[in-house]
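Here, each number is a calculation from the coordinates, and none is a lab measurement. The model shown is predicted, which means the values in this text are computed figures rather than measured ones. Every residue, glycine among them, receives a Cβ derived from its backbone with ideal geometry; neighbour counts consider all protein chains shown.
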Amino acid sequence: MLMLAAEWMEQYVRAFNVFGYITLRAVLATMTALVISFLVGPRMIAWLTRMKIGQSVRDDGPQTHLAKAGTPTMGGALILVCIVVTTLLWGNLGNRFVWVVLLVTLGFGAVGWVDDWRKVVYRNPKGLSARAKFFWQSLIGLVAAIYLAFSISAPDNAQFARQFMAWVESGFAVGLSPKADLIVPFFKTVSYPLGVWGFIALTYFVIVGCSNAVNLTDGLDGLAIMPTVMIAAALAVFAYV
């Protein structure tokens, strides 16, 4: 949003072209998220405490975690607010892949919200059933994987639709562009053609696997911010590079 405004202002003030650099926008997005968390976080924690929306700790985990019962939960909502606001402000909204990441994040956030809601309202530390959670995660992951498989070489959504329909009408025999090949790390000239099914499978496992890597830790006591910070930092480095 602000990037679009900066592009419009650039024709009048040359200095605004600095907002076209992803490094600056990444720094500004980080600072914006930090400010939002400082402003909204304490009020949100106070409200959750006042409403007695606390974490129910599983009894099959370490006994030391039982002391964390009652800790305000649903903190993921604050993370989602920071992500959505900063992305809409500083992200390149003309990039379809930004919207894919944002919508997948919101989709998984919705699954987490329902999980927390059941824990709070029904006082069930297990929350949403594993089967239901995995079903919705898989549905979101597969939709995103299919879209990405054909969007990498498609300049717009209309071309994506044509390529996808051509794949279906061919009996799922049409291949993918070399842009969708798996590049071997540290060897830029070495790549492996995954094919449509291979690309979808790998993308699906990355999306659902990364989610559950944090989710399994979160299931112990509902306090998963540290693994979230570490994983987000690693993914931020990959995305930037």
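7 Å from Cα along Cα→Cβ at both Arg131 and Met165: what's the point-to-point distance in nm?
Here the modelled spin labels are 3.8 nm apart.
Can you give the FRET efficiency for Phe186 and Ala26, using 1/(1 + (r/R0)^6), R0 = 25 Å, r = Cβ-Cβ distance, to the nearest 0.05?
For R0 = 25 Å, the calculated efficiency reads 0.50.
Would you mind putting 203-209, 177-183 in packing order, based on average other-beta-carbon counts within 10 Å, highest first?
Peptide ranking by packing, descending: 203-209, 177-183.
Based on the Cβ-Cβ distance from Arg96 to Leu142, what FRET efficiency comes out when R0 is 22 Å, to the nearest 0.05?
0.80
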